[in-house]
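Asker: Below is the structure I would like to discuss, written out as structure tokens.
The values are calculated or read from the model by the stated rules, or taken from the named source; none is laboratory data. Note that the structure is predicted; figures quoted are calculated from it, not measured. Reconstructed Cβ throughout: ideal geometry from the backbone, glycine too, with neighbour counts over all protein chains shown.
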Amino acid sequence: MAVRKIITYPADVLEQQCEPVTVFDKKLAKLLGDMYDTMIEFDGVGLAAPQIGIAKQIAIVDIDDESGTIELINPVILEENEEQTGPEGCLSFPGLYGEVTRPMKVKVKAQDRSGKPFTIEAEDFLARAILHEIDHLHGILFTSKVIRYLDEKELEGLELND
């Protein structure tokens, strides 16, 4: 697979509504592999297709826990519950971090790389990461949800998003 270039703000693709995926083929599998390699190379916990210049509803999340790598194609949020506030960053905004309030629990329906539908429930940091990536697919940037920006001292030892 290959490491792709991360698109940084203010690129237009980051604020676009992404198109649904309709073809599930080897090109999609390669793209997912490239997205994973890119996310790992840049030390992220998630990556959405628009962050590598592709306006398609594709995102991956891997927070380095027992959930493993989660591939979300055409994701739809079914339920959101409770609330959490925590730090987030974004590979498309290098060096910028802020506190964001999101649901504590989420239930999402999506498709896997072969087009098969599945449902996933997540909470806490995994829910935060999934919701951050789904926002990207709708042109919503974490900066629009920041309550307070964080400086480097406040960041030490914190888990951060993509």
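Asker: Being farther than 11 Å from Ser92 by Cβ and part of a helix (DSSP H, G or I) narrows it down to one residue among Asp37, Asp64; which is it?
Answerer: Only one candidate qualifies: Asp37.
Asker: On the basis of being within 25 Å of Val13 (Cα to Cα) and out of contact with any strand residue (DSSP E or B) (no Cβ under 7 Å at 6 or more places or on another chain), does Ile140 make the cut?
Answerer: Judged against the criteria, Ile140 is a match.
Asker: Right, another one. State whether the residues of region 39-55 include one that is of a type in the set (S, T, N, Q) and closer than 22 Å to Leu126 by Cα.
Answerer: yes
Asker: Another question about this same structure. Suppose we filter Gly53, Gly68 for residues that are farther than 21 Å from Ser144 by Cβ and among the small types (Gly, Ala, Ser); which single one remains?
Answerer: Exactly one of Gly53, Gly68 is farther than 21 Å from Ser144 by Cβ and among the small types (Gly, Ala, Ser), namely Gly68.
Asker: Let me ask another. Please work out which one of (1) of a type in the set (A, V, I, L, M, F, W, C); (2) without any contact (Cβ under 8 Å) to a residue 40 or more places away in the chain; (3) in contact with a Pro (Cβ under 9 Å, 6 or more places away or on another chain) is the condition Val106 fails and give its number.
Answerer: So the condition that Val106 fails would be (3).
Asker: Then there is this: Can you tell me which residues in region 141-162 are modelled with pLDDT of 95 or more and either in contact with a His (Cβ under 8 Å, 6 or more places away or on another chain) or closer than 17 Å to Ile54 by Cβ (or both)?
Answerer: Within region 141-162, Leu141, Phe142 qualify.
Asker: Considering Phe125, Phe142, which residue is touching a helix residue (DSSP H, G or I) at 6+ places or on another chain (Cβ under 7 Å) and among the aromatic types (Phe, Trp, Tyr)?
Answerer: Matching residue, one of Phe125, Phe142: Phe142.
Asker: Now a separate question. State yes or no: is Asp124 at pLDDT 95 or above, farther than 12 Å from Val100 by Cβ and more than 15 Å from the chain's Cα centre (by Cα)?
Answerer: The answer is no for Asp124.
Asker: To continue, here is another question. Being assigned to a loop (DSSP other than H, G, I, E, B), at negative phi and not hydroxyl-bearing (Ser, Thr, Tyr) is the filter here, so list the residues in region 92-131 that pass it.
Answerer: Within region 92-131, Phe93, Pro94, Leu96, Pro103, Met104, Asp112, Arg113, Lys116 meet the criteria.
Asker: A follow-up question, please. With the condition kept exactly as written, say whether any residue in region 26-46 is under 11 Å from His136 (Cβ atoms) and under 15 Å from the mean Cα position of the chain (by Cα).
Answerer: Among the residues of region 26-46, at least one is under 11 Å from His136 (Cβ atoms) and under 15 Å from the mean Cα position of the chain (by Cα), which makes the answer yes.
Asker: Quick check: anything in region 70-85 more than 25 Å from Lys105 (Cβ to Cβ), charged (D, E, K, R) and surrounded by 14 or more Cβ atoms within 10 Å (Cβ to Cβ)?
Answerer: Scanning region 70-85, I find no residue that is more than 25 Å from Lys105 (Cβ to Cβ), charged (D, E, K, R) and surrounded by 14 or more Cβ atoms within 10 Å (Cβ to Cβ), so the answer is no.
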